[in-house]
């Protein structure tokens, strides 16, 4: 009997330790790195910090924002793709995510295969904008102008192979509208030159353009949403201008490395959706003209596949490639 006592005591100690061991391994049990592949202060950074603060609150661990700008998001996204698939490194991706792996000659990752979708966070339409003194007030009027005239019109974008640039290329393929494309090093400089009258036209996402529109420094000719935007009720859509099924948008979403555990994915997805439903986040995103997207990882995966195919089809025809 005495010989059994040490064994029983040992078993009791083992069972007593099991709950605490499980607690130690529950996700997350240490800080999580959220890579934002752009500089502080931009739309991606603002979005990442708003969601990261809520995730820290809900999950009891710090979500550390790690800004890693460069190559239109390629550098920061590559860090996330190569991280361990344990949920402790995630990335806030945006629309260039699917474009980058198509245009770089030696892309370090595949936009679909090398990532685990967690959640689409928000979307916003792209807009074609003009200086207030520009003669056309709508895309329909611009399309009616003689080609010899439009070919001389400078249109700025946030860079070669950027989202706004490819929206223009898609529009050119669909309508024959040829403009003098001027790639800038970012959306800010292109908008600044448009407001100053250095260029008559610019393509950019609505959130970045809205302050200039509200101040009457730019006017919107058309937006890429399926219906008119409530904050721009007088701006026609590309579809209304006669470009059938022309719908695209700037998007923001959370990704992790490929092969993440299903329970970790579920935890992050549920927490991100909870964050998006929080009144202060909804108010902040509405002020930025972001449309919140509450959904599943599978919903986001379908969007990524759709975006990848759309730009793959465009790039087969315009053949843009970066080093």
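For residue 242, the criteria (1) buried (at least 17 other Cβ atoms within 10 Å of the Cβ); (2) at positive phi hold in every case but one, which is (1).
What's the number of the only condition in (1) touching a helix residue (DSSP H, G or I) at 6+ places or on another chain (Cβ under 8 Å); (2) under 26 Å from residue 42 (Cβ atoms); (3) in a helix (DSSP H, G or I); (4) in contact (Cβ under 8 Å) with a residue 24 or more places away in the chain that residue 317 fails to meet? (2) is the only condition that residue 317 fails.
Tallying residues that are surrounded by 16 or more Cβ atoms within 10 Å (Cβ to Cβ) and within 17 Å of the chain's Cα centre (by Cα) within the range 276-293 yields 9. Can you tell me which residue is modelled with the lowest pLDDT among those in the range 76-124 that are over 24 Å from residue 322 (Cβ atoms) and surrounded by 24 or more Cβ atoms within 10 Å (Cβ to Cβ)? The residue in question is 124.
The residue list 260, 254 contains one member that is in a loop (DSSP other than H, G, I, E, B), closer than 30 Å to residue 113 by Cα and modelled with pLDDT of 95 or more, which is 260.
Residue count for the range 16-65, restricted to those that are farther than 20 Å from residue 97 by Cα and at pLDDT below 80: 10. Of all residues in the range 295-309, those being in a helix (DSSP H, G or I), touching a helix residue (DSSP H, G or I) at 6+ places or on another chain (Cβ under 7 Å) and under 20 Å from residue 270 (Cα atoms) number 2.
When every residue of the range 214-231 is checked against the conditions, none turns out to be closer than 30 Å to residue 89 by Cα, within 22 Å of the chain's Cα centre (by Cα), touching a residue at least 24 places away in the same chain (Cβ under 8 Å) and outside any loop (DSSP other than H, G, I, E, B).
The values are calculated or read from the model by the stated rules, or taken from the named source; none is laboratory data. As the structure is a computational prediction, the values presented were derived from the model and not from experiment. Every residue, glycine among them, receives a Cβ derived from its backbone with ideal geometry; neighbour counts consider all protein chains shown.
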